[in-house]
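Enquirer: The structure is given below, and queries will be raised subsequently.
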Amino acid sequence: MVTYLDSLFAENKDIFSIKRTVTQLGWHGNKFLPCVPGDIILDVDRNGQKWIDAYEESGKLEEWIENIRPYRYNNIFRGMMGASFGATLLKDLSHRTVFFHLWGDSRVGKTALMKAALSVWGNPEALMVSFNATKVGLERRASLFNDLPLGIDEKQVAGDNQTFIDNIVYMLGTGSGKLRGSKTGGTQAISNWRSFILTTGEEPISTMTSQTGIITRVLEITGKPFYSTEEAAKMHEISESYYGTAGKKFVEELIHRYPKRNELKEKYKDIVSKLKNDTENKISTHITSIAVIILADMLESEILFNEKDCEQRSYEMGLDLLNNLTTITESDIIEKAYDYIHSWVISNKNQFEITDVRGISTHAAYGYERYGIIDKGKYYILPHILQGILEKQKMSYRKILKGLADRDYIDKDNQGRNLVTKRWDGQTQRFIAFKTDMRECPFE
Ligand SMILES: Nc1ncnc2c1ncn2[C@@H]1O[C@H](COP(=O)(O)OP(=O)(O)O)[C@@H](O)[C@H]1O
Ligand SMILES: [Mg+2]
């Protein structure tokens, strides 16, 4: 059979028409799968096909537009919608994968908004994934849903497993999969993707101990996406009735109006520099991600909602979201560690001995496990104690110690080491000399 098909193909090579097959959605030249495929064929396995089937249509585009329009007064609503459309822009803007994490109380309509955002592209219920999915499953979806948003609902279902979440954020955020063996032998190709990953949860995705890398990848937005729970409930119905039409129109018009899309890149750069001017101390990847959302919102307003002169409104929406994101200092792991150790020493003051100006111990900390000494406002902490409390918080002791020393939050000895030597109880002991007066107080 194989020999037969082989020679049949060889004999007729000139009369077979050739079509390109691809394994990822999104941009392929000036074609965009799934909505503007041209003659490109998507070649995926059965599992993948199930996911692709979710990109279906229901209702008319006009119905989607008129039902969504009234909700656009809300910046958070607009923001996640912008992220959903903005996924298609990342490639041309050479922007890496971003997370849009909406968190807040239950029943404010986080899931409702995610469904609205996914209704741009297809059946939202079928497109939505949960954090319960396996890492490999999420990776395969991300790879397939290239240049399109990936919606992951409810962080809580992953429970308290912060390491798992951090891993997922890193894995999805780096935009490339691991090399692994395929079922048929050999290795599967490494896949790359770009996506706006939309997530919801009752808590932020990053915790106090998350690495700076996690925080810069995630736009952590909190607030109410709807006026009322009733409005949110109505959005569930709208997004289940009308979907799959807006994304198609958006991409068609993008190809038609901006065939080279250079103009978009210029616009994007303008927005970025304007945002830099209008804010202070914001993380640069947050600025660029918000700029993508603003640009997408401008394009949406023009292409779908037929609104004129609305660029200022789009800009203000983005600026509002950006203003609520953390600043560089707040997100910094070393600063967080400093604040953590600070509050830890204060609350454990009784476990430190206090020496007076003559070097004589005045508070003996009897009956307590001793953590170190307080001397002239400085806490000399025993290294194994600090190592223990940092590691309990999943912070790296060595990394934090180096960072604190670099910022002069702890003393160095005369050889530049991060531990200082002190006589204590007739012994020579090494300590971390922690300074407590490094924060400015606005009231003094
Ligand atoms: N499938 C649904 N259809 C209609 N209403 C729903 C549906 N799911 C939730 N709701 C209602 O929508 C409102 C907002 O809920 P939801 O979007 O789940 O908020 P959150 O994700 O913030 O908890 C609630 O009043 C809820 O009862
Ligand atoms: Mg929810």
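Values in this text are rule-based calculations from the coordinates and carry no lab data. Remember, it's a predicted structure, so these values are computed and weren't measured experimentally. Neighbour counts run over all protein chains shown; Cβ positions are idealised from the backbone, glycine included.
Enquirer: Cα to Cα, under 25 Å, and not fewer than 8 places away if on the same chain: which lysines meet these conditions relative to K115?
Expert: Answer for K115, where 25 Å is the Cα cut-off: K50, K60, K91, K135, K155, K224, K234, K248, K249, listed by chain and number.
Enquirer: Suppose a student asked you for the relative contact order of the chain, using Cα pairs under 8 Å spaced at least 6 residues apart; what percent would you report?
Expert: Details: 694 pairs, mean separation 74.1, N = 444.
The value is 17 percent.
Enquirer: Right, another one. Using packing as a proxy for protection, rank 412-424, 102-114 so that the peptide with the highest average count of other Cβ atoms within 10 Å comes first. Before the final figure, lay out each step's value.
Expert: Numbers: 412-424: 13.0, 102-114: 21.1.
Highest mean packing first, the order is 102-114, 412-424.
Enquirer: Along the Cα-to-C-beta direction of L5, a point sits 7 Å from the Cα; which residues of the stretch 27-51 have their amide N less than 19 Å from that point?
Expert: 41-46
Enquirer: Can you list the lysines whose alpha carbon is less than 17 Å from that of K392, not counting same-chain residues fewer than 8 positions off?
Expert: Output for K392: K336.
Enquirer: For the chain, what is the percent of antiparallel DSSP beta bridges, rounded to the nearest 5? Mind dumping the intermediate values first?
Expert: Working: 24 of 45 bridges.
Around 55 percent antiparallel, to the nearest 5.
Enquirer: Please tell me the relative contact order of the stretch 238-385 in percent, rounded to the nearest whole number, where contacts are Cα pairs under 8 Å and at least six residues apart.
Expert: On the way: 114 pairs, mean separation 21.9, N = 148.
15 percent.
Enquirer: Moving on to the next point. Could the peptides 281-290, 398-407, 129-138 be put in order, highest first, of the mean number of other beta-carbon atoms found within 10 Å of their residues?
Expert: Working: 281-290: 20.2, 398-407: 17.1, 129-138: 14.7.
The densest-packed peptide leads the list: 281-290, 398-407, 129-138.
Enquirer: While we're looking at this one, here's another question. Could you estimate the translational diffusion coefficient of the stretch 333-435 from the Stokes-Einstein equation, with Rh from the Kirkwood formula over C-alpha pairs, at 37 °C and 0.692 mPa s, in whole µm²/s? Don't skip to the answer; put the middle values down first.
Expert: Details: Rh = 13.9 Å.
This corresponds to a translational diffusion coefficient of 236 µm²/s.
Enquirer: Could you give the length gained by full extension between E253 and K402, i.e. 0.36 nm per residue of separation minus their alpha carbon distance, to one decimal place?
Expert: Details: separation 149, 0.36 × 149 = 53.64 nm, distance 5.24 nm.
Between E253 and K402, full extension yields 48.4 nm more.
Enquirer: So for the chain, taking the charge dipole from beta-carbon charges (+1 Lys/Arg, -1 Asp/Glu), which of L390, N12, S289 sits furthest toward the positive end?
Expert: L390
Enquirer: Using r as the Cβ-Cβ distance of D339 and Y368, and R0 as 30 Å, what FRET efficiency do you calculate, to the nearest 0.05?
Expert: On the way: r = 24 Å, r/R0 = 0.80.
Calculated transfer efficiency: 0.80.
Enquirer: With only alpha-carbon atoms counted, please give the Rg and Dmax of the chain, in Å.
Expert: When restricted to Cα atoms, the chain yields Rg and Dmax of 27.4, 101 Å.
Enquirer: Roughly how many nanometres apart are two label points built 7 Å out from the Cα toward the Cβ at E57 and N350?
Expert: 7.2
Enquirer: Ok, one more. When the helices in the chain are scored as -39500 (n - 2.57) per DSSP H run of 4 or longer and the sum is shared across all residues, what 222 nm value do you end up with, to the nearest 500 deg cm²/dmol? Write down the numbers at each step before the final one.
Expert: Values: 18 runs with 194 residues, N = 444.
Mean residue ellipticity at 222 nm (helix-derived): -13000 deg cm²/dmol.
Enquirer: If you don't mind, there's one more thing I want to ask. Below 8 Å, C-alpha to C-alpha, sequence gap of six or more: please give me the relative contact order for the stretch 333-435 in percent.
Expert: Numbers: 134 pairs, mean separation 22.9, N = 103.
Taking the mean separation of contacting Cα pairs over the length of the stretch 333-435, I get 22 percent.
Enquirer: Rounding to the nearest 20 debye, state how big the charge dipole of the chain is about its Cα centre with +1 on each Lys and Arg Cβ and -1 on each Asp and Glu Cβ.
Expert: Working: 58 positive and 60 negative charges, 321 e Å.
In total the dipole reaches around 1540 debye.
Enquirer: Next question. Which aspartates and glutamates, if any, have their Cα less than 17 Å from the Cα of K399, not counting same-chain residues under 8 positions apart?
Expert: Candidates past the 8-residue exclusion: D332, E335, D339, E391, D408, D411.
Enquirer: Using a Förster radius of 35 Å, what is the FRET efficiency between S106 and D413 based on their Cβ-Cβ separation? Nearest 0.05, please.
Expert: 0.10
Enquirer: Right, something else. Would you mind getting me the FRET efficiency between T279 and T428? Use the beta-carbon distance for r and R0 = 45 Å, nearest 0.05. Walk me through the numbers on the way to the answer.
Expert: Values: r = 50 Å, r/R0 = 1.12.
Calculated transfer efficiency: 0.35.
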